[in-house]
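S.K.: Structure in structure tokens, see below.
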Amino acid sequence: MTSNAHPPAQRVVKVRRDYNTWVANETLEDYALRFTPPSFRKWSEWRVANTAFGAAAFLVLEAVGATMLIEAGFINAFWGILATGLIIFLLGLPVCVMSARHGLDMDLLTRGAGFGYIGSTITSLIYASFTFIFFALEAAIMAYALELAFGLPPAWGYLVCALAVIPLVTHGVTWISKLQAWTQPLWLFLLVLPYAFVLAEEPDALRGLVHYGGERGHGTVFDFQLFGAALSIGIALVTQIAEQVDYLRFMPVKTAANRRRWWAAVMLGGPGWVVPGVLKMLGGALLAWLALRNAVPAERAVDPNQMYLIGFSHVFDNTSLAIAATVVFVIVSQLKINVTNAYAGSLAWSNVFARLTHSHPGRVVWVVFNCLIALMLMELNVFQAIGQVLGLYSNIAISWMAAVVADLVINKPLGLSPAGLEFRRSNLYDINPVGLGAMAIASALSICAFAGLFGSEVAPYASFIALAGAFVFSPLIAWATGGVTTWCALWRHLPPVSAWFANGPTKVRRWPIARPIRGRSAPCAAPSMPAATTCASRAPACRPSGWPCCAGFCPARPSPTSIPGSPITCC
């Protein structure tokens with residue numbers, strides 16, 4: 001072979017070319033592996049908020065409320081539901097605001113909030129498990145509705161309900177936003193209708209509900225252990241925050257003109273989902289009690305089909321009409337949430353396998369993969385073990401979310417970790433013990449408590465252990481390590497890429513200044529490009545480039561916005 005011989009041209013087969021086209025089409029991909037640039041965040045604030053708010057339609061909320069009622073009695077379930085809503089709202093607020101402000105999905109947000117590059121891969125796997133567990137629970141409810149209306153065996157109903165979602169998710173938020181907008185009025189009408197008739201026809205129904213003590217009759221008075229057991233079931237819903245984030249990253253850039261609309265939309269589509277969520281859990285408790293009063297067995301009373309069949313029987317005297325209304329409501333509700341579960345799962349799996357296999361066949365492939373895993377769980381009848389499944393999963397879920405929030409609201413304001421959200425691979429360590437370590441310790445302690453290793457008296461408080469553990473160990477580990485594991489030492493002086501678009505692509509913004517960390521110089525303050533930068537340490541300024549120059553250090557690196565230009569050099 002001669003030295004100037006050319007290597008043979010690669011033969012690209014047709015299937016591979018299709019995959020390449022899918023990955024290049026951001027309408028299909030929805031920036032599954034990257035942050036969402038301002039140019040793609042083109043929808044209005046209210047359209048994004050309406051799309052995110054549509055996820056509150058899921059009927060597992062009613063099933064969770066009913067399960068809490070039957071296991072702990074109304075008094076304990078009531079306070080457990082309120083505590084669940086309060087915790088989810090407080091944890092979700094900073095996460096949703098940061099996502100909407102910087103266009104980051106949950107993986108990138110976790111990566112920059114104390115977990116590192118591989119650390120966020122682990123949490124993406126946790127998140128993916130949430131999506132297929134809840135996909136299976138929601139699709140099982142829909143399958144039971146098909147059995148109620150058409151006599152379709154559940155095994156076939158599971159298959160139909162799983163496959164029906166796939167074509168609705170292929171084009172990402174573009175199609176999902178249309179589905180949520182079209183179905184929202186019908187869903188809201190059918191949601192309110194049975195409760196209005198029940199309360200109008202049976203005003204004394206609430207009195208009987210308040211005195212219900214659960215299946216064992218021990219919950220007629222408030223009991224801390226029953227309250228903790230109820231909370232451990234409901235708090236698993238905390239991971240729903242991540243699904244809201246996957247939509248809020250498309251929120252338009254906040255400006256002075258849209259500031260009020262932006263905040264209202266973020267609150268509605270972000271942590272605000274928990275307001276109807278709490279009402280739906282309380283509504284599920286009411287409908288489950290009505291079902292129990294009508295001699296429905298407890299294991300069937302937690303099925304939302306039975307709940308709303310009782311509710312719509314107050315609306316229609318004709319049983320066929322009540323069944324039809326129930327089935328329509330259940331199908332609409334479950335399609336609204338399962339497009340979100342399938343979409344969020346595809347993002348999570350894309351991030352997991354892109355790092356494990358260093359390849360990405362396309363987000364659509366992982367939509368199918370996620371649905372197939374959920375189908376397997378449905379065939380295993382996971383819905384009948386909803387209390388045990390959610391109770392165990394909640395320990396890991398709340399540890400993860402609490403560790404992320406602890407870094408955002410404690411570590412960064414106190415200077416224990418650098419300000420800003422840095423998610424670029426080259427600027428991060430693979431493992432950051434601040435977030436990952438706090439999550440691991442809190443999860444281990446709470447799971448041990450849940451399993452009864454610390455005694456049966458401590459088991460109901462496993463959720464509190466997970467929450468408190470993450471908030472305690474995250475700042476402790478950050479203080480012990482001095483923040484040196486957050487950013488790679490070479491790039492410690494560079495501003496996070498999220499700061500580029502904090503006030504829009506054309507707005508001038510100063511880089512966030514972090515406090516000095518264990519004697520190291522803090523990141524510089526510099527105006528955004530193309531103005532010349534000036535170092536906080538009074539070192540010579542760099543040429544106009546948008547990157548800071550700290551203590552005479554200037555990296556030879558192109559700008560993060562990929563705008564063509566010469567490498568950075570010092571003056």
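S.K.: Only one of PHE423, PHE369 is at pLDDT below 75, among the aromatic types (Phe, Trp, Tyr) and under 22 Å from the mean Cα position of the chain (by Cα); which?
M.R.: Residue meeting the stated conditions: PHE423.
S.K.: Checking TRP43 against (1) out of contact with any Gly (no Cβ under 8 Å at 6 or more places or on another chain); (2) assigned to a helix (DSSP H, G or I); (3) open to solvent by 10 Å² or more (accessible area, probe 1.4 Å), which single condition isn't satisfied?
M.R.: (2)
S.K.: Turning to a different aspect of this structure: Of (1) in a helix (DSSP H, G or I); (2) open to solvent by 90 Å² or more (accessible area, probe 1.4 Å), LEU188 satisfies all except one. Which?
M.R.: Failing condition for LEU188: (2).
S.K.: Another one. Pull up the range 214-245, narrow it to residues that are surrounded by fewer than 21 Cβ atoms within 10 Å (Cβ to Cβ) and of a type in the set (S, T, N, Q), then point me to the one that is farthest from PHE134 (Cα to Cα).
M.R.: Here the answer is THR220.
S.K.: Still on this model: Restricting attention to the range 71-105, report how many residues are open to solvent by 10 Å² or more (accessible area, probe 1.4 Å) and over 27 Å from TRP263 (Cα atoms).
M.R.: Qualifying residue count, the range 71-105: 5.
S.K.: Of the residues that make up the range 395-413, is at least one assigned to a helix (DSSP H, G or I), open to solvent by less than 30 Å² (accessible area, probe 1.4 Å), within 21 Å of TYR127 (Cβ to Cβ) and aromatic (Phe, Trp, Tyr)?
M.R.: Yes, the range 395-413 contains a residue that is assigned to a helix (DSSP H, G or I), open to solvent by less than 30 Å² (accessible area, probe 1.4 Å), within 21 Å of TYR127 (Cβ to Cβ) and aromatic (Phe, Trp, Tyr).
S.K.: What's the total number of residues in the range 419-461 that are part of a loop (DSSP other than H, G, I, E, B), over 19 Å from GLY114 (Cβ atoms), open to solvent by 60 Å² or more (accessible area, probe 1.4 Å) and not charged (D, E, K, R)?
M.R.: Summing the residues that are part of a loop (DSSP other than H, G, I, E, B), over 19 Å from GLY114 (Cβ atoms), open to solvent by 60 Å² or more (accessible area, probe 1.4 Å) and not charged (D, E, K, R) in the range 419-461 gives 4.
S.K.: Taking the options PHE115, PHE132, PHE78, name whichever one is out of contact with any Cys (no Cβ under 7 Å at 6 or more places or on another chain) and within 23 Å of LEU287 (Cα to Cα).
M.R.: PHE78
S.K.: Go through the range 323-366 residue by residue and tally those that are modelled with pLDDT of 80 or more and either outside any helix (DSSP H, G or I) or not hydrophobic (A, V, I, L, M, F, W, C) (or both).
M.R.: Qualifying residue count for the region: 10.
S.K.: Let me ask something else. Do we find that LEU108 is assigned to a helix (DSSP H, G or I) and either under 29 Å from TYR158 (Cβ atoms) or open to solvent by 10 Å² or more (accessible area, probe 1.4 Å) (or both) in this structure?
M.R.: In short, no.
S.K.: Name the residues in the range 138-166 that are surrounded by fewer than 22 Cβ atoms within 10 Å (Cβ to Cβ) and within 22 Å of the chain's Cα centre (by Cα), would you?
M.R.: Once the filter is applied, which keeps residues that are surrounded by fewer than 22 Cβ atoms within 10 Å (Cβ to Cβ) and within 22 Å of the chain's Cα centre (by Cα), the range 138-166 yields only ILE166.
S.K.: Go through (1) open to solvent by less than 10 Å² (accessible area, probe 1.4 Å); (2) closer than 16 Å to ILE75 by Cβ for HIS211 and report which single condition fails.
M.R.: Just one mismatch for HIS211, condition (1).
S.K.: Same structure again: Of all residues in the range 306-322 being touching a residue at least 40 places away in the same chain (Cβ under 8 Å) and either surrounded by fewer than 23 Cβ atoms within 10 Å (Cβ to Cβ) or of a type in the set (Ser, Thr, Tyr) (or both), which is farthest from ASN76 (Cα to Cα)?
M.R.: Only one residue fits best here, namely VAL315.
S.K.: Separate question: With the checklist (1) within 30 Å of PHE150 (Cβ to Cβ); (2) out of contact with any Asp or Glu (no Cβ under 9 Å at 6 or more places or on another chain) in hand, flag the one item GLY284 doesn't pass.
M.R.: GLY284 satisfies all of (1) within 30 Å of PHE150 (Cβ to Cβ); (2) out of contact with any Asp or Glu (no Cβ under 9 Å at 6 or more places or on another chain) except (2).
S.K.: Mind listing whichever residues of the range 60-110 are in contact with a Lys or Arg (Cβ under 9 Å, 6 or more places away or on another chain), more than 17 Å from VAL221 (Cβ to Cβ) and of a type in the set (D, E, K, R)?
M.R.: GLU62, ARG101, ASP105
S.K.: Hey, could you check the range 246-295 for residues that are basic (Lys, Arg) and part of a helix (DSSP H, G or I) and say which is surrounded by the most Cβ atoms within 10 Å (Cβ to Cβ)?
M.R.: LYS280
The values are calculated or read from the model by the stated rules, or taken from the named source; none is laboratory data. Everything quoted here is computed from the prediction, not taken from an experiment. All Cβ positions, glycine included, derive from the backbone under ideal geometry; neighbour counts span all protein chains shown. These accessible areas exclude ligands, DNA and RNA; they are computed on the full protein's heavy atoms, side chains included. Shrake-Rupley method; radii C 1.70, N 1.55, O 1.52, S 1.80 Å.
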